[in-house]
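Student: Attaching a single structure in structure tokens format; questions to follow.
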Amino acid sequence: MKRALVAVLVLSALTAPTATAPTFGALDFPGGNWGGYVSVGSFTSATATWVEPSVTCTSTKDLFAPWVGIDGDGSPTVEQTGVSTDCSSGRPVYRAWYEMYPSPPVYFANAVSAGDHITATVTRTGPNTYRLDLSDTTRGWTQTATRTLSSQHSSAEAVIESPTDSYPTIPGGVQFTGVRFNGTDLADTGPTRLDADDRGTYTWSPSAISADGTAFTVTRH
């Protein structure tokens, strides 16, 4: 992973959402809330790379994010980081964030655009301590947050999610590459495929894992 510039995380570089901002990581919808792969186990790291997709907003409710994390399958917490696309203004707005669910997301001030190459990593550095790293290698920035949370570290995942159950149009879907849990290729970690619900009409489903064991694409069906 090439890093042209490391941006040190300081409080002034963050913008907090309102108290009513949707949280990621909640499994709220009967049809499923995560589209991608999850592996159950006591993992200490999860990492993946993707190209932030260009989208077309179809509703002001459209909101989604690709992210990687630890926990969430069989546990009430999720330690996660990724990039959200928010259509509440009528156009796509991209924002980098991390979240220690059930607390709300914390947003970085760094700019993100469609086409940017993103790498996200969550690492458990102690029994209840996590480091969350997010890099935009296209723009040359990295943000790192270290946070504590009483957790079960029961799973690891690379997924897309809409906390509003409403996705924009994403031509070609979202492709994850370099997906590894505990440094092990995704295919070798006992992964389970997950489908995400889209307004109860469509689903976002992951492809089979690539031959190299680390990549897949989530598309609407």
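Student: Across the range 34-40, in residue order, what do the Karplus-derived ³J(HN,Hα) couplings come to in whole Hz, using 6.51 cos²θ - 1.76 cosθ + 1.60 with θ = phi - 60° and x for Gly and Pro?
Tutor: Each residue's phi maps through the Karplus curve to give 10, x, x, 10, 10, 10, 8 Hz.
Student: Over the chain, give the accessible area per residue in Å² for a 1.4 Å probe, as an integer.
Tutor: Result: 41 Å² per residue.
Student: Quick one: Karplus J couplings for the range 79-95, per residue in order, coefficients 6.51, -1.76, 1.60, θ = phi - 60°, nearest Hz, x for Gly and Pro?
Tutor: Going residue by residue, I get 10, 8, 8, x, 10, 9, 10, 10, 9, 5, 8, x, 9, x, 10, 9, 9 Hz, with x marking Gly and Pro.
Student: Please list the non-local residues whose amide H lies under 5 Å from the amide H of Thr184, H modeled 1.01 Å from N, same-chain partners needing a gap of 5 or more.
Tutor: The list, which skips near neighbours in sequence, is empty: none.
Student: Right, something else. What is the packing order of peptides 185-194, 155-164, 39-48, taking the mean over residues of other C-beta atoms within 10 Å and listing the highest first?
Tutor: 155-164, 39-48, 185-194
Student: Starting from the amide H of Thr58, placed 1.01 Å from N in the peptide plane, find each other amide H under 5 Å away whose residue is 5 or more places distant or on another chain.
Tutor: Thr169
Student: Report which label in [x] 15.7, 43; [y] 17.1, 58; [z] 16.6, 51 holds the value of Rg and Dmax of the Cα atoms in Å derived from the coordinates of this structure.
Tutor: Correct label is [x].
The values are calculated or read from the model by the stated rules, or taken from the named source; none is laboratory data. No experiment lies behind these values; they were computed from the predicted model shown. Ideal geometry is used to build each Cβ from the backbone, glycine not excepted, and the neighbour counts take in all protein chains shown. Calculation scope for accessible area: heavy atoms of the full protein, side chains included, ligands and nucleic acids excluded. Shrake-Rupley method; radii C 1.70, N 1.55, O 1.52, S 1.80 Å.
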